[in-house]
Ligand code: C2E
Ligand code: MN
Ligand code: MN
């Protein structure tokens with residue numbers, strides 16, 4: 001199927017001007033062989049390339065481009081499919097925008113357009129290309145930290161607390177994972193994630209229960225989570241717990257029961273954050289609203305979990321503004337190389353700043369993701385890069401350390 005990709009990359013600083021012409025000649029030859037057409041724009045620091053061709057050829061070419069040290073920060077801006085090619089079949093036309101008016105470059109670009117049908121209508125690809133030429137793409141552009149300048153070192157174990165053995169008769173256990181402010185080397189909170197008696201993941205643990213048992217088990221398990229927090233003396237951190245919205249709405253006195261667990265374990269309601277996802281909530285918004293009121297009145301904090309996942313979280317946000325919002329892993333994954341995800345994160349950040357909501361990026365696994373997110377303005381992180389969930393204990397944290405450049 002005929003596919004289109006636009007990507008942006010930054011030219012390696014060591015690259016000299018003389019290098020462009022031989023690169024173009026080689027690229028054209030390769031593109032023709034692979035039935036790829038397109039254009040290449042260069043503005044002195046960045047390349048923008050539109051590639052069109054069979055999907056498989058594009059995927060192969062892109063992975064080749066990612067391995068090429070001559071450009072870095074390769075970021076996909078758009079992927080699409082089309083009934084016909086937009087550009088001529090010369091392999092690749094080159095536009096150097098330096099020292100020329102944008103209008104002139106755009107006129108030239110239009111003259112290379114192969115199929116004039118697209119000039120008659122607002123064409124999305126051409127809109128993106130125009131933004132690459134006239135500099136509009138810099139709107140919201142994030143100058144990411146350089147991943148090669150950072151290393152992650154696990155802390156020397158000072159935080160590691162000996163695991164507690166599971167008391168017999170306990171039907172569930174909890175794994176703990178830290179939420180951190182890496183540049184301040186600070187743990188801000190600890191999330192308790194449910195596990196079965198043999199360490200089974202949440203889906204397996206909950207999967208064996210009927211709906212009625214499930215909500216009851218969800219609520220009662222929090223007694224175990226909070227007593228673990230007490231036994232590990234996690235008094236200086238916020239403790240995040242997950243609850244299904246239906247647990248709060250379907251169980252009579254759920255909030256009072258939860259508050260009872262908090263107090264019985266010598267914890268402060270103000271240090272507890274309840275994380276909820278949007279699933280099922282909308283249908284029962286009135287009951288849910290009254291549960292939220294009670295939680296807030298007791299001093300317990302609220303967070304929207306998995307923001308941007310299947311259940312987007314926007315309808316929760318229109319109804320009520322939590323103190324914390326956690327951006328779902330699916331948006332975070334590969335964000336450093338993905339233009340649309342970058343735009344979504346940037347707009348979530350803007351939204352949350354204006355509403356006074358603190359933002360956590362979930363599921364951060366790579367140094368590159370962190371380098372982009374930190375530079376974009378996210379301060380709090382959760383993910384394997386910093387620390388894995390650990391059964392019945394808080395595992396060691398890996399903190400970023402800036403390498404001294406030789
Ligand atoms: P969640 O609340 O979004 O928790 C984060 C999940 O992401 C956890 O999965 C955690 O192990 C995983 N995770 C953390 N960092 C990374 C990372 O860097 N990469 C990847 N790939 N995954 C990462 P887990 O523990 O399997 O929990 C899954 C979900 O189950 C939770 O997602 C939460 O929605 C739910 N859950 C956990 N405990 C409870 C509970 O006590 N009650 C209820 N109702 N739901 C719970
Ligand atoms: Mn959660
Ligand atoms: Mn989540």
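The values are calculated or read from the model by the stated rules, or taken from the named source; none is laboratory data. All values reported here derive from a predicted model rather than from experimental measurement. We place every Cβ from the backbone using ideal geometry, glycine too, and count neighbours over all the protein chains shown.
Laid out as a table, the results:
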| quantity | calculated |
| --- | --- |
| Residue ranges of strands (runs of 3 or more DSSP E) in the range 46-106 with at least 3 members farther than 19 Å from residue 26 by Cα | 71-81 |
| Pairs, first over 20 Å from residue 366 (Cβ atoms) in the range 336-353, second not in a helix (DSSP H, G or I), C-beta under 6 Å, six or more apart | 352/325; 352/359 |
| Qualifying residue in the range 157-171 (condition: part of a loop (DSSP other than H, G, I, E, B), modelled with pLDDT of 85 or more and surrounded by 15 or more Cβ atoms within 10 Å (Cβ to Cβ)) | no |
| Residue in the range 292-299 that is in contact (Cβ under 8 Å) with a residue 60 or more places away in the chain and either within 12 Å of ligand 3 (Cβ to nearest atom) or surrounded by 14 or more Cβ atoms within 10 Å (Cβ to Cβ) (or both) present | no |
| Leading residue by the ranking (nearest to residue 399 (Cα to Cα)) among those in the range 348-375 that are more than 15 Å from ligand 3 (Cβ to nearest atom) and touching a helix residue (DSSP H, G or I) at 6+ places or on another chain (Cβ under 6 Å) | 367 |
| Residue match in the range 147-155 (condition: in contact with a strand residue (DSSP E or B) (Cβ under 8 Å, 6 or more places away or on another chain), surrounded by fewer than 12 Cβ atoms within 10 Å (Cβ to Cβ) and at pLDDT 85 or above) | yes |
| Leading residue by the ranking (farthest from residue 137 (Cα to Cα)) among those in the range 310-328 that are within 15 Å of the chain's Cα centre (by Cα) and surrounded by fewer than 18 Cβ atoms within 10 Å (Cβ to Cβ) | 310 |
| Residues that are touching a strand residue (DSSP E or B) at 6+ places or on another chain (Cβ under 6 Å) and away from ligand 2 (no atom under 16 Å from the Cβ), drawn from the range 229-260 | 234 |
| Considering residues of the range 179-221 that are within 15 Å of ligand 3 (Cβ to nearest atom) and either surrounded by fewer than 15 Cβ atoms within 10 Å (Cβ to Cβ) or in contact (Cβ under 8 Å) with a residue 60 or more places away in the chain (or both) only, the residue farthest from residue 366 (Cα to Cα) | 203 |
| Options 330, 326; residue that is over 25 Å from residue 62 (Cα atoms), modelled with pLDDT of 95 or more and within 12 Å of ligand 1 (Cβ to nearest atom) | 326 |
| Residue check, residue 210 more than 9 Å from ligand 1 (Cβ to nearest atom) and either farther than 28 Å from residue 381 by Cα or modelled with pLDDT of 95 or more (or both) | yes |
| Subset of the range 236-264 (residues that are away from ligand 1 (no atom under 16 Å from the Cβ) and within 21 Å of residue 360 (Cα to Cα)) | 236, 237 |
| Long-range neighbours under 8 Å by Cβ, at least six apart or interchain, first residue touching a residue at least 24 places away in the same chain (Cβ under 8 Å) and at positive phi within the range 362-389, second within 14 Å of ligand 3 (Cβ to nearest atom) and in a helix (DSSP H, G or I) | 363/329; 363/332; 383/329; 383/332 |
| Among (1) in a helix (DSSP H, G or I); (2) under 11 Å from the mean Cα position of the chain (by Cα) - the single one residue 349 does not satisfy | (2) |
| Check on residue 400, in contact with a helix residue (DSSP H, G or I) (Cβ under 9 Å, 6 or more places away or on another chain) and on the phi < 0 side of the Ramachandran plot | yes |
| Checklist (1) within 16 Å of ligand 2 (Cβ to nearest atom); (2) modelled with pLDDT of 95 or more; (3) part of a loop (DSSP other than H, G, I, E, B) applied to residue 385, failing item | (1) |
| Residue within the range 367-376 that is part of a loop (DSSP other than H, G, I, E, B), modelled with pLDDT of 95 or more and more than 19 Å from residue 273 (Cα to Cα) present | no |
| Counted residues, the range 300-319 - those being away from ligand 3 (no atom under 14 Å from the Cβ) and over 16 Å from residue 240 (Cα atoms) | 5 |
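Conditions tested, residue by residue: (1) over 31 Å from the mean Cα position of the chain (by Cα); (2) surrounded by 13 or more Cβ atoms within 10 Å (Cβ to Cβ).
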{"site": "23", "(1), (2)": "yes, yes"}
{"site": "57", "(1), (2)": "no, yes"}
{"site": "65", "(1), (2)": "no, yes"}
{"site": "77", "(1), (2)": "no, yes"}
{"site": "117", "(1), (2)": "yes, no"}
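Per-residue answers, yes or no, for (1) closer than 24 Å to residue 256 by Cα; (2) modelled with pLDDT under 95; (3) part of a helix (DSSP H, G or I):
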| position | (1), (2), (3) |
| --- | --- |
| 275 | yes, no, no |
| 279 | yes, yes, no |
| 283 | yes, yes, yes |
| 288 | yes, yes, yes |
| 306 | no, yes, no |
| 310 | no, yes, no |
| 315 | no, yes, yes |
